[in-house]
Structures are given as structure tokens and as C-alpha cells.
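The block underneath contains the structure these notes are about, expressed in C-alpha cells.
The values are calculated or read from the model by the stated rules, or taken from the named source; none is laboratory data. Owing to the predicted nature of the structure, the values given are computational and were not obtained by experimental measurement. All Cβ positions, glycine included, derive from the backbone under ideal geometry; neighbour counts span all protein chains shown.
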Amino acid sequence: MKIKVFGSLRAVVSDRKEIELAVAEGMRVHDVLEQLAAVHPELHAKLFDDRGGLGGGVHVLVNGRSIRFLQGPQTRLKSDDVLALFPPLGGG
């Protein structure tokens, strides 16, 4: 599976724009993010809250669609899906 990393999150994954991760068919977004955080431990605090749920600060998209409009962290994935991670946006 291809995982694209944007903005300040790149620093946490060794400045990589894209990561290839072997995933089993039908894995959920949450499972893939846990697997990614196991490879890049600094990412764990950015993705998950203290109870292990998605923290909400990072925007997660599957094939360009926010998981908020799919099944959230329980969205099932296929090996050819593209997961994108965006840091929280701010402005004023």
C-alpha cells in the first residue's frame, strides 16, 4: 500500500513523501496506522490519543476521500489504495 505524507509529518518519517507498506487485504485504516507508527515511533503521538484512538489532529484520506466520510478508522483497505496523511491546518 502506498502512504503519502504531507507537511510537517514528513520530518517524523525521515523526510519521506511516500512510504510503501505491505498490508493484508481488508485491514482497517486504524490497523495500518498502528503498523506505520510501529515503524516510525515518533508518529504514534501525532496519530493516536492516550486511549489508542485516532487523535483527530491528523487528517487521513483514502484515495482522496476523508475517512470522516467513509467508515472512519474502521474503513477497510485494499492493497492498491492510497492513504494520505495531512498535519493539522491552522491559519488566521
Q) Just for the stretch 29-39: of the residues that are under 10 Å from the mean Cα position of the chain (by Cα) and either of a type in the set (Val, Ile, Thr) or in a loop (DSSP other than H, G, I, E, B) (or both), which one is nearest to Val12 (Cα to Cα)? A) Val32
Q. When residues of the stretch 4-53 are filtered for being at positive phi and in contact (Cβ under 8 Å) with a residue 12 or more places away in the chain, how many remain?
A. 3
Q | Complete set of residues in the stretch 58-92 that are free of Cβ contacts under 8 Å to residues at least 24 places away in the same chain and either in contact with a Phe, Trp or Tyr (Cβ under 7 Å, 6 or more places away or on another chain) or among the charged types (D, E, K, R) (or both) | A | Arg65, Arg68
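Let's see how each residue does on (1) exposed (fewer than 12 other Cβ atoms within 10 Å of the Cβ); (2) at pLDDT below 95; (3) of a type in the set (D, E, K, R):
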| position | (1), (2), (3) |
| --- | --- |
| Gly55 | no, yes, no |
| Asn63 | no, no, no |
| Gln71 | no, no, no |
| Gln74 | yes, no, no |
| Pro88 | no, yes, no |
**Q.** From Glu42, Glu25, residue being in a helix (DSSP H, G or I) and surrounded by fewer than 18 Cβ atoms within 10 Å (Cβ to Cβ)
**A.** Glu42
**Q.** All positions within the stretch 56-76 that are under 19 Å from Glu25 (Cβ atoms) and not in a strand (DSSP E or B)
**A.** Asn63, Ile67, Leu70, Gln71, Pro73, Gln74, Thr75
